[in-house]
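Written below as structure tokens is the structure these notes are about.
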Amino acid sequence: MEAMMPSHPFPALLASLLAVAGCATAEPALKDACRDSFLIGAAINEAQFSETDNRVATLIKTHFNSVTAENVLKWESVHPEPDRYDFSASDRYVDFGERNNMFIVGHTLVWHSQTPRWVFEDAEGTPLDREALLLRMRDHIHTVVGRYKGRIHGWDVVNEALNEDGTLRPTPWLRIIGEDYLEKAFEYAREADPSAELYYNDYSLEHAPKRDGAVALIRNLQNRGVKVSGIGTQQHLRMDSPTLAQVDASLTALSQLGIKVMVTELDVDVLPSSTWDRGADVSLRAEANPALNPYVDALPASVQLELAERYAGLFSVYMKHRKTLDRVTFWGVTDADSWLNNWPVRGRTSYPLLFGRDARPKPGFKAVIESVSPVPSGSQS
Ligand code: GLA
């Protein structure tokens, strides 16, 4: 499969890449360049969709035709206490997407993280039983999905249900409800908005054991009559891992499910990976570990070009899969907004996205534009 991938026009690219940053009005819009291939999205934050961060709001309107709520639809934000929902921010998020004719994604309904502890306990702090937790899950999904019925077009219904070996992650959802908690979540979401697309979303699907687990999980849901509209592969990536061949193989395997495939949380971490092998340790702080935060003032030109090449390679693979790849969404817009400034080490200066802290396009931006246009002939298998 690797041999069939379009070759990247790197040498021609490299000469012009660094020049791009100066011409804010001249560059083509990402969404126009990707128009015939896939939706192009960004996870956006409150300052952006409220347009207090006007500069980035303008970038979003110019370059993206899909948005995902970075945080405001997570359980802890939208349903912070048992009897209190707070839709003030999410209403503005959906308004922003509608005003700009965007494909609006709801993220996320059932997850083990950013979900308050009370969700799994009664008023005395005793763990809920299956029926009580199902009722609570149903109420949450009906209330949140129902509020945006016909307006939010697709929902990440269940997020990150799998371990790295492809088995189900031992979350409170699994422990209390049992394996059919996924089926129930999709069932409730379908009841609440029969026309919304409903997705399963997870990371590290470039690694075969976890991907096989995801494929089996979706097939199992399908066999039980549950309609899953799509699968999201997050793709929080590093410079050298996973390989393009792994990304390619993953998209091929996921496309065989016959449902929509989406890259949902794309970014590329360029910083040293000290803690990745043993998981994140956010107690590590950049000030105490300067070696982990090497580019405080600026990203060296050589690394900038490597990042552009990485993005060129990734988008060449995405183009190969453009008939089955429905959307590519970045997890953030500018480097300043990225969660990677605080993960897996707090307080670092990170450079994972296509727009810099000055909201100008980086060389990676032009690399993406060149990779997606014009469509390379014969690149779709
Ligand atoms: C996961 C979640 C996202 C976000 C990112 C990084 O991938 O799905 O909501 O929290 O981590 O912050």
Going through the range 137-171 in order, the residues found to be surrounded by 16 or more Cβ atoms within 10 Å (Cβ to Cβ) and in contact with a Pro (Cβ under 8 Å, 6 or more places away or on another chain) are 166
For the range 318-352, give me each residue that is farther than 30 Å from residue 374 by Cβ and among the β-branched types (Val, Ile, Thr).
345, 349
Do we have any residue at all in the range 193-207 that's over 20 Å from the mean Cα position of the chain (by Cα), touching a residue at least 12 places away in the same chain (Cβ under 8 Å) and surrounded by 15 or more Cβ atoms within 10 Å (Cβ to Cβ)?
yes
Do we find that residue 58 is at pLDDT 95 or above and either among the polar types (S, T, N, Q) or crowded, with 20+ Cβ neighbours inside 10 Å (or both) in this structure?
yes
Can you tell me which residues in the range 238-266 are closer than 19 Å to residue 200 by Cα and either part of a strand (DSSP E or B) or modelled with pLDDT under 95 (or both)?
260, 261, 262, 263, 264, 265, 266
All positions within the range 114-128 that are exposed (fewer than 12 other Cβ atoms within 10 Å of the Cβ) and acidic (Asp, Glu):
124
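Rundown of residues vs (1) modelled with pLDDT under 95; (2) assigned to a helix (DSSP H, G or I); (3) crowded, with 18+ Cβ neighbours inside 10 Å, yes/no style:
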residue	(1), (2), (3)
311	no, yes, yes
315	no, yes, yes
327	no, no, yes
379	yes, no, no
So residue 366 fits all but one of (1) within 16 Å of the ligand (Cβ to nearest atom); (2) of a type in the set (Lys, Arg); (3) in contact with a helix residue (DSSP H, G or I) (Cβ under 6 Å, 6 or more places away or on another chain); what number is the exception?
(1)
Pull up the range 78-113, narrow it to residues that are surrounded by fewer than 17 Cβ atoms within 10 Å (Cβ to Cβ) and not in a loop (DSSP other than H, G, I, E, B), then point me to the one that is farthest from the ligand (Cβ to nearest atom).
99
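Residues are listed down the side, and each one gets a yes or a no for (1) in a helix (DSSP H, G or I); (2) over 23 Å from the mean Cα position of the chain (by Cα):
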| position | (1), (2) |
| --- | --- |
| 183 | yes, no |
| 189 | yes, no |
| 214 | yes, no |
| 220 | yes, yes |
| 225 | no, yes |
| 228 | no, no |
Candidate set from the range 226-244 (those that are polar (S, T, N, Q) and more than 12 Å from the ligand (Cβ to nearest atom)); member that is nearest to residue 191 (Cα to Cα):
229
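Here's the yes/no breakdown for (1) over 21 Å from residue 158 (Cβ atoms); (2) in contact with a helix residue (DSSP H, G or I) (Cβ under 8 Å, 6 or more places away or on another chain); (3) small (Gly, Ala, Ser):
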{"residue": "58", "(1), (2), (3)": "yes, no, no"}
{"residue": "72", "(1), (2), (3)": "no, yes, no"}
{"residue": "92", "(1), (2), (3)": "yes, yes, no"}
{"residue": "111", "(1), (2), (3)": "no, yes, no"}
{"residue": "114", "(1), (2), (3)": "no, yes, no"}
{"residue": "123", "(1), (2), (3)": "yes, no, yes"}
Being within 30 Å of residue 127 (Cα to Cα), out of contact with any strand residue (DSSP E or B) (no Cβ under 9 Å at 6 or more places or on another chain) and either within 16 Å of the ligand (Cβ to nearest atom) or among the acidic types (Asp, Glu) (or both), is that true of even one residue in the range 193-213?
no
Under 7 Å between Cβ atoms, which residue pairs at least 6 apart in sequence (or on different chains) link something in the range 336-362 that is away from the ligand (no atom under 12 Å from the Cβ) with a partner that is assigned to a loop (DSSP other than H, G, I, E, B) and aromatic (Phe, Trp, Tyr)?
349/295; 351/295
Identity of the residue in the range 51-65, of a type outside the set (D, E, K, R) and over 19 Å from the mean Cα position of the chain (by Cα), that ends up nearest to the ligand (Cβ to nearest atom)
52
Kindly establish whether residue 158 is within 16 Å of the ligand (Cβ to nearest atom), in contact (Cβ under 8 Å) with a residue 12 or more places away in the chain and under 29 Å from residue 51 (Cβ atoms).
no
If we keep only residues of the range 66-77 that are of a type in the set (S, T, N, Q) and within 14 Å of the ligand (Cβ to nearest atom), then the residue nearest to residue 35 (Cα to Cα) is 68
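The values are calculated or read from the model by the stated rules, or taken from the named source; none is laboratory data. Quick caveat, the model's predicted, so the values are computed rather than measured. All Cβ positions, glycine included, derive from the backbone under ideal geometry; neighbour counts span all protein chains shown.
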